Amino acid sequence: MTSLLEFHAFLLTNTGTRLDRFAKALAAAVRPGDTVLDLGAGSAILSILACRCGARRAYAVEDTDAVAVARALVAASPYRDRIEVIHARSFDVTLAERADVLVADVHSTFGLQEQGLSAMIDARTRLVRPGGRIVPARMQLCVAPADAADLYDAKVNRWQRAAQGLDLAPIRDLAVNAIYPGHLAPSDLLAPPALVARTCTCPLTCRSVTVSKGIAHTGAGGASRSDGARWPG
């Protein structure tokens, strides 16, 4: 639970304009009286934002222990009577009604969560009414080499030391290949972000880029989103 709390604290308080962009997209997609399906709801913050935009009902579906965070936030919100938190895999969920809007934050620290895209496709097919709206409508993954010495030292080079006379360096090989969340400034990037993949429609592609002089401690990646679109009926 500790790692989940830290992850959701990061998502709620330390991801820049991410929530502002979701709020803007939901304001454009949700109409008064709509039913909203919040897929992979996590803290259920998007269900709360959907209700703030006028949703009559929101179903917050979450299959991890983060459901405890969702229930706590929902219980403390003015929309507690309009949000149903469902602790289950979305593939196993059936709803009393099809949703007008599907919203899903299925991004991981790098790229998409495991089965995140397939869960969206399944929900779009089974749980969203024909003509419903989807947020986000499209996603794309971009990467760039980055000079992130402080992050690298804190997460990787800390293993270049000893504890009780025992050399911890062998663990560094594990740490150097792990994925860590972190904030980078544009000036930390050694090359412009390069598009490597689009959701659903394009295979993984790579292209060469011009890089700046520096030490590439890491590859910085992020998923960008577009606002909601209507799913054809």
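The C-beta contact set for the range 26-43 (first residue β-branched (Val, Ile, Thr), second residue part of a loop (DSSP other than H, G, I, E, B) and surrounded by 24 or more Cβ atoms within 10 Å (Cβ to Cβ), distance under 8 angstrom, 6+ apart or interchain) comprises Val30/Ala55; Thr35/Ala55; Val36/Val30; Val36/Ala55. Residue-level check: of (1) at pLDDT below 90; (2) not in a helix (DSSP H, G or I), Leu117 misses just (2).
Taking the condition within 30 Å of Asp92 (Cβ to Cβ), among the hydrophobic types (A, V, I, L, M, F, W, C) and modelled with pLDDT under 85, does Ala197 pass?
For Ala197, the condition - within 30 Å of Asp92 (Cβ to Cβ), among the hydrophobic types (A, V, I, L, M, F, W, C) and modelled with pLDDT under 85 - is met.
Of the listed requirements (1) over 24 Å from Leu189 (Cα atoms); (2) in contact with a strand residue (DSSP E or B) (Cβ under 9 Å, 6 or more places away or on another chain); (3) not basic (Lys, Arg), Ala162 misses just one: (2).
Residues Ala55, Ala146, Ala99: which one is surrounded by 18 or more Cβ atoms within 10 Å (Cβ to Cβ) and in contact with a His (Cβ under 8 Å, 6 or more places away or on another chain)?
When all the criteria are applied, what remains is Ala146.
The values are calculated or read from the model by the stated rules, or taken from the named source; none is laboratory data. A quick note: this is a predicted structure, and the numbers were derived from the prediction, not measured. A quick note on method: Cβ atoms are made from the backbone with ideal geometry, for glycine too, and the neighbour counts reach across all protein chains shown.
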